[in-house]
1. When B:TRP118 is evaluated against the numbered criteria (1) over 19 Å from the mean Cα position of the chain (by Cα); (2) open to solvent by less than 40 Å² (accessible area, probe 1.4 Å), which criterion, by number, is the only one it fails?
2. Residues being in contact with a Gly (Cβ under 9 Å, 6 or more places away or on another chain) and not aliphatic (A, V, I, L, M): count how many of those fall in the stretch A:378-393.
3. Quick check on the stretch B:37-58. Is at least one of its residues in contact (Cβ under 8 Å) with a residue 40 or more places away in the chain, among the basic types (Lys, Arg) and within 28 Å of B:ILE253 (Cα to Cα)?
4. Quick one: A:PRO374 ticks every box in (1) more than 30 Å from B:ILE86 (Cβ to Cβ); (2) surrounded by fewer than 20 Cβ atoms within 10 Å (Cβ to Cβ) except a single one, so which number is it?
5. So B:VAL108 ticks every box in (1) more than 10 Å from chain A (Cβ to nearest Cβ); (2) crowded, with 23+ Cβ neighbours inside 10 Å; (3) closer than 27 Å to B:VAL15 by Cβ but one. Which box is left unticked?
6. Just for the stretch B:111-138: of the residues that are under 18 Å from B:GLU195 (Cα atoms) and out of contact with any Asp or Glu (no Cβ under 8 Å at 6 or more places or on another chain), which one is farthest from the other protein chains (Cβ to nearest Cβ)?
7. May I ask you to verify whether B:LYS125 is open to solvent by 30 Å² or more (accessible area, probe 1.4 Å), among the basic types (Lys, Arg), over 21 Å from the mean Cα position of the chain (by Cα) and more than 25 Å from B:LEU57 (Cα to Cα)?
Amino acid sequence: MSDSLAYLRTDAAPELPPPSSQVGWRKWLWDNMFSSMANFGSIGSAIKSILIILLTVTLFYFGATVIWSLINFALIDAIWTDPDTLKRGVCATVAQGGIVEGKVGACWPFVEAKGKLIVYGRYPEQELWRVDALFIGLAVGIAWLLWDKAPFRSQVGTFMLTAFPLIAFVLLTGGGVEYSSGTWTTLIVLTALFLGGGLIAARNLLGEVMFALSGFLIVFGGFLAVLLFTMFVTSLDLGLVHVETSNWGGLLVTLVVAITGIVASLPLGILLALGRRSELPLIRYLSIGFIEFWRGIPLITVLFMSSVMLPLFLPDGVEFDKLLRALIGVALFSAAYMAEVVRGGLQAIPKGQYEGAMALGLSYPQMTRLIILPQALKIVIPGIVNTFIGLFKDTTLVLIIGLFDLLGAIQSAFSDAAWATPVTSPTGYLLAASMFWVFCFSMSRYSQHLEHKLDTGHKR
Amino acid sequence: MTTENNNKTDSDEPVIKIEKMNKWYGQFHVLRDISLQVKQGERIVVCGPSGSGKSTLIRCINRLEEHQDGLIAVNGTELSGDLKNIEAIRRDVGMCFQHFNLFPHLTVLENCTLAPIWVRKTPRKEAEATAMEYLERVKIPDQANKYPGQLSGGQQQRVAIARSLCMNPQIMLFDEPTSALDPEMIKEVLDVMIELAKTGMTMICVTHEMGFARTVADRVIFMDEGQIIEENEPEEFFNNPKSERTQKFLSQILSH
């Protein structure tokens, strides 16, 4: 009896390979094809399995039909060239007064003919090189930043975020913006006040409250200084022909609105999220007010208000460019959404991380920048990219204030009688959808890559 | 070394001076009339039942918690709302937590060099050399380039100790450093702490490791319901506890 409880292992249990049904193609086939359906153990489960198989086949059939008809329309039945410049004739059936016998698919010559309108809008023909140069610069810059092992990445990143937007502005508009002397004086005085006051307060010379606010003052003063510098650069006249923003259009407008929105909304959103969690009531309530205001109204209303109501509040003679108003509206609108996404990430950071950082003597800005934000932003990458994608697609709404973005430009091309056929608009919409999809899907893939790269595993 | 009542006759200033300190959480009076003086090189163990305020007490010393009444001075600097003072004190007071609080997005080495580089403005090379030295001392130099999530609890706590030491602190606070660890790992952390005590570091440890208290402590402080109930050198404290509450506590934790 006594040895019934005792046990002593004498030789180590060998390490065995997994059973063959758990590796390779057999596992894949089982996991993906049969695990839920192939069970004929009893009549009941056999009926269930047959039903599941029937359902799978039916769904597969419908899916394949849809995809096949899309391929048929876009590629097989599509018209690709218009050698005799027949315009609508090349894409219309004989019955419709054209030359095609049988079915007509997508009318790609239409896209080719309207290509300039779709990409540049009504940007003047001889100035298109400016847009092209910008597109190339943008593509090179983005590719550089996305390539993890590229040299000088941080320098290129800084360039893309600081100098590039200014260059882009001067290139696209032609620069030489005229600001009134009143604007100059006001801004210079304000900058000096905030920056100077902030720096003095930071030395604890103006009392506790001002000391606590000094960081805010310096940041705001710095913001004004950047604004001043921007004004200076944009006021330079380099001899480029001025191009009104009302002549911009197509992909150009979509990219300008989307990229400005994306680049502006993230830092603004982070500041707002931090502000909403601030212990200083003034900053907290301002942030809450801002976020709730912008989240509470639809983007369409924002855009309408920016073009209809804003002029009412501005003094006579002061005019805001329509595109600029849309840019500001879109940026502030998405900043409010971004703020809440980032706040979600901030809330997921355990209190111990703050305590660990504080116990080491890190100041609040250091703690936020080095410990809290890197972790918080990593957590909310899916949410951030979600907001970016939403923003990208929402740019189509600028159509309602008379700006022709990608979709608007394509739609306006439909009205050309020379290309009026039944397949013109499906072709255009297919193109618009594909272009948006390519941009959004790229963002989505990049975010997944980023998540994977930043994953240090083992959350705690 | 010090006996039960530490001050007045001693000429050297205490590095930590707490006088008639009180703290409330809302209506709840968590710390009541705490007075405590710690001298350079002293090792103090704080024990007591859960909720007795011992963690709160040591967290007041580096202002992770704010006290509402009385005085706390570290190295002659009084803790007040002044951010500059607080940051200065935190630079000189290291702290280890029950849950380590390592930064999961940084490697072990980066965890150790972050504060020296950003707070003390040490050049990176120098900070890394110091960090490796301390990682050596806590016996995990080979893990320097791993992330905290890849280490065991005991290793993480040793990294946390090394991280604090990299700031070259004068005082170390330990807030239940072994409570979240498996039994097999407690020893490796205690060994490191004993090593540290031998170097003459001023230490205040909240812990239930009574063996550690016996070997290392100069004084044991027993707290209950937010007050210091008893304070004595370890031999006396364990063999001859004076208050009834201490006797009951000791009988409960030493009965196994």
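The values are calculated or read from the model by the stated rules, or taken from the named source; none is laboratory data. Being a predicted model, the structure only gives us computed values, none of them experimental. Note: ideal-geometry Cβ built from the backbone for every residue, glycine included; neighbour counts use all protein chains shown. Areas reflect the complete protein model, heavy atoms only, side chains present, ligands, DNA and RNA absent. Shrake-Rupley method; radii C 1.70, N 1.55, O 1.52, S 1.80 Å.
1. Going through (1) over 19 Å from the mean Cα position of the chain (by Cα); (2) open to solvent by less than 40 Å² (accessible area, probe 1.4 Å) one by one, B:TRP118 breaks only (2).
2. Of the residues in that region, 5 qualify.
3. Yes, the stretch B:37-58 has at least one match.
4. Exception for A:PRO374: condition (1).
5. Exception for B:VAL108: condition (3).
6. Applying the filter and picking the extreme gives B:GLU136.
7. On the way: open to solvent by 30 Å² or more (accessible area, probe 1.4 Å): yes; among the basic types (Lys, Arg): yes; over 21 Å from the mean Cα position of the chain (by Cα): yes; more than 25 Å from B:LEU57 (Cα to Cα): yes.
Considered against the rule, which asks whether it is open to solvent by 30 Å² or more (accessible area, probe 1.4 Å), among the basic types (Lys, Arg), over 21 Å from the mean Cα position of the chain (by Cα) and more than 25 Å from B:LEU57 (Cα to Cα), B:LYS125 comes out as yes.
For (1) touching a residue at least 60 places away in the same chain (Cβ under 8 Å); (2) open to solvent by 70 Å² or more (accessible area, probe 1.4 Å), each residue gets a yes or a no:
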{"position": "A:TRP248", "(1), (2)": "yes, no"}
{"position": "A:LEU252", "(1), (2)": "yes, no"}
{"position": "A:ALA258", "(1), (2)": "yes, no"}
{"position": "A:ALA264", "(1), (2)": "yes, no"}
{"position": "A:ARG276", "(1), (2)": "yes, no"}
{"position": "A:PHE293", "(1), (2)": "no, yes"}
{"position": "A:PRO298", "(1), (2)": "no, yes"}
{"position": "A:PHE304", "(1), (2)": "yes, yes"}
{"position": "A:PHE320", "(1), (2)": "no, yes"}
